[in-house]
Amino acid sequence: FNYPALPGQVDLLRQVLREMAGSGDLESLLRYQPHGGRERDRAAVANHLLNRGLDTTPDSVVVVNGAQHGLTVVALAALRPGDLVAADSITYPGFKVIAEALRLELAPIPTTPTGPDLDALGRLCVERPVRAVYTMPTLHNPLGWVMDDGARRQLVAIARRHRLILIEDASYAYLAECPPPPLAATAPDVSVYVSGLSKNVATGLRVGFVAAPQARVPAIERAIRATAWNTPALTAAIATRWLEDGTVTRLEAEKRVDARLRQTIAGEILEPFRPLAHPNSYFTWVPLPENARADRIAATLATHGVAISTAEPFAITENPPQAIRLALGSTELGTLADALTTVRRTIEDDQYR
């Protein structure tokens, strides 16, 4: 897992807690909150999303307990057991967990170096009753791509032609500089946008948000009521203060610099394996050489105190590729190069076993 934290974030938390302790609205934090979030919280998120290229209104925003909860309530609100959802053949494992829990069927979309194979998706939609597409168009986890404008237009056209729901996961989108507009900005009629503050602020701040067509908001709010009632008022209040005072924007900019530095280190050390990654990404995908095996490499690295992921958790195909995913934001910068060197040597040793 990635835990991308920067020096000084603990001091920021101390400061905001002191400010809140001295404010006059503490009593309100002890009460139930609206299922979709307080008006101030929703307005702060809507204003923040303008920086992401998404012009929405507070009435189209709901506040959730992190992006994972956001994906869950969107699926609960929009899908039913047995529905077919298309997703990249290598995709975020958290959505696989949601699909299993809600008894959704996942259909793999073949991937290319620059994004999903949308021609294959179009054929799939003709052959089978696809209900939705789960997609990460801006900084895909774990493959790192950012879909270009042409691919986004093609995906939207497929969604409209086949009446699909596009579930847009933008959890890592803040790392991409000047990306194309979100799908939800150009096709709000068929898109639901999900993101949060776990990666750009802190993983312990379980606050996320969903931007959806207003017609879908009541169903999403009912799903929030069924799963959590509301996002805890204290964490939502912290998030709103940091959204309003520019802390989130500043942390995002600093983490882009931090991620680029880490990715540069990874690229240099792992260059012989031609890893796949965005230049600003906190993770990298390493296809393994012939004869190397991901399970053996993971087991060997564990004995050296290095934890990695194989491709299996990310794959929705029967035969996962021989590859590993490295979370670059999970260790101190000073030890990153040593850990990556251990990974490189382990791969090199394994391919000649």
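The values are calculated or read from the model by the stated rules, or taken from the named source; none is laboratory data. Note that this is a predicted model, so its numbers are computed, not measured. Cβ placement follows ideal geometry from the backbone for every residue including glycine, while neighbour counts extend to all protein chains displayed.
Quick test for you: out of A299, A259, A292, A266, pick the one residue that is surrounded by fewer than 21 Cβ atoms within 10 Å (Cβ to Cβ), small (G, A, S) and out of contact with any Gly (no Cβ under 6 Å at 6 or more places or on another chain).
Result of the check over A299, A259, A292, A266: A299.
L243: more than 17 Å from the chain's Cα centre (by Cα), modelled with pLDDT of 95 or more, under 18 Å from A170 (Cα atoms) and in a helix (DSSP H, G or I), yes or no?
Here the answer is yes, as L243 does meet what is asked.
Kindly establish whether G144 is in a loop (DSSP other than H, G, I, E, B), on the phi > 0 side of the Ramachandran plot and not polar (S, T, N, Q).
Details: in a loop (DSSP other than H, G, I, E, B): yes; on the phi > 0 side of the Ramachandran plot: yes; not polar (S, T, N, Q): yes.
Considered against the rule, which asks whether it is in a loop (DSSP other than H, G, I, E, B), on the phi > 0 side of the Ramachandran plot and not polar (S, T, N, Q), G144 comes out as yes.
What number goes with the only condition from (1) closer than 22 Å to V190 by Cα; (2) in contact (Cβ under 8 Å) with a residue 24 or more places away in the chain that E105 does not pass?
The one condition E105 does not meet is (2).
In region 286-318, what count of residues is obtained for those that are modelled with pLDDT of 95 or more, out of contact with any Ser or Thr (no Cβ under 7 Å at 6 or more places or on another chain) and closer than 19 Å to F95 by Cα?
Residues in region 286-318 being modelled with pLDDT of 95 or more, out of contact with any Ser or Thr (no Cβ under 7 Å at 6 or more places or on another chain) and closer than 19 Å to F95 by Cα: 5 in total.
Restricting to region 322-334, name every residue that is modelled with pLDDT under 95 and outside any loop (DSSP other than H, G, I, E, B).
Matches in region 322-334: L333, G334.
Suppose the filter is out of contact with any Ser or Thr (no Cβ under 9 Å at 6 or more places or on another chain) and either in the same structural domain as Y282 (by TED's automatic domain parsing) or under 30 Å from W229 (Cα atoms) (or both); does A170 pass it?
Criteria not met by A170.
Among the candidates R206, R216, which residue alone is out of contact with any Pro (no Cβ under 7 Å at 6 or more places or on another chain), among the charged types (D, E, K, R) and modelled with pLDDT of 95 or more?
It is R216.
Helices (runs of 4 or more DSSP H) wholly in region 57-129 with at least 1 residues that are surrounded by fewer than 17 Cβ atoms within 10 Å (Cβ to Cβ) - which ones?
93-102, 118-127
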